[in-house]
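All remarks here apply to the structure that follows.
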Amino acid sequence: MKAKPAHHPGEVTLELNRSDELLMDAATRAAGKSPFKIEKILVPIDFSDCSKKALQYALPLAKQYKAAITLLYVVPPIYVAGEYGGINYVQLEASMRQDGEKELAKLATESLPGEVATNTIVRAGSPANEIVETAKSLVADLIVISTHGRTGLQHVFLGSVAEHVVQHAPCPVFVVREREHEILAT
């Protein structure tokens, strides 16, 4: 390898020969290597536009790191009372699980058509707790979750699932806000 001055100040021209190819190849591979090891990404989905936006953020990360995406839908606890009583909670939860499974499969097919490895999981319970427990059982490397940005009384009564997940998750959490400066290339 020979270095020669270039026409512009501060620049040099490198002349390479065949014996330098291995050196350049090694330098190129080292420069493109990421310090992150991401193999499993968990994306909680509630079928809102905001949660679908989180999936849009997870997809390029999964592609870049050749990671698998697991879509998680949590059937929330049912706190309704029937007008005449006698609601079959077991049947209602089973129906919500089936609907969730169908919708997750549809979302995976439409949004992730063979581009990355994809799994779907449906659980029932407190969404925040189920997300954290699923991340632990999967040994997820990253959670990409959306937040609706509720404030005031809505936040007091409904709480923040994303906030709980950030505080208790066993891995890093990437939070996507409903209204934010976009970093996705279109």
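Laboratory data are not the source of any read-out in this text; all were calculated from the coordinates shown. Predicted model, so just to flag it, every value in this text is computed and none were measured. Quick reminder, even Gly has a Cβ in these numbers, built from the backbone with ideal geometry, and neighbours come from all protein chains shown.
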Checklist line | Modelled FRET efficiency - R0 45 Å, F174 with Y89, Cβ distances, 0.05 increments | finding: 0.85
Next item on the list: Can you spot the lysines whose alpha carbon is less than 28 Å from K37's alpha carbon? Ignore those fewer than 8 places along the same chain.
Entry: K52, K53, K63, K66, K136
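If I stretch the segment between K4 and E182 completely, what's the gain in nm (0.36 nm per residue apart, minus their alpha carbon distance), one decimal? It would help to have the intermediate numbers written out before the result.
On the way: separation 178, 0.36 × 178 = 64.08 nm, distance 4.34 nm.
Stretched out fully, the K4 to E182 stretch lengthens by 59.7 nm.
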Margin query: Can you order the peptides 62-75, 162-175 by their average number of other Cβ atoms within 10 Å per residue, highest first?
Written below: 62-75, 162-175
Next item on the list: First select every other residue whose beta carbon is under 10 angstrom from the beta carbon of E15; then total the charges, Lys and Arg +1, Asp and Glu -1.
Entry: +1
Note to self: Quick check: residue separation of T109 and E39 times 0.36 nm, minus the Cα distance between them. What number comes out in nm?
What the structure shows: 23.2 nm
Note to self: Run the reach check for K2 against aspartates and glutamates, Cα to Cα strictly under 16 Å, same-chain hits fewer than 8 apart removed. What comes back?
What the structure shows: E11, E15, D20, E21
Item checked: Label-point gap, in nm, between R97 and A117 - each point 7 angstrom along Cα→Cβ -> 2.6 nm
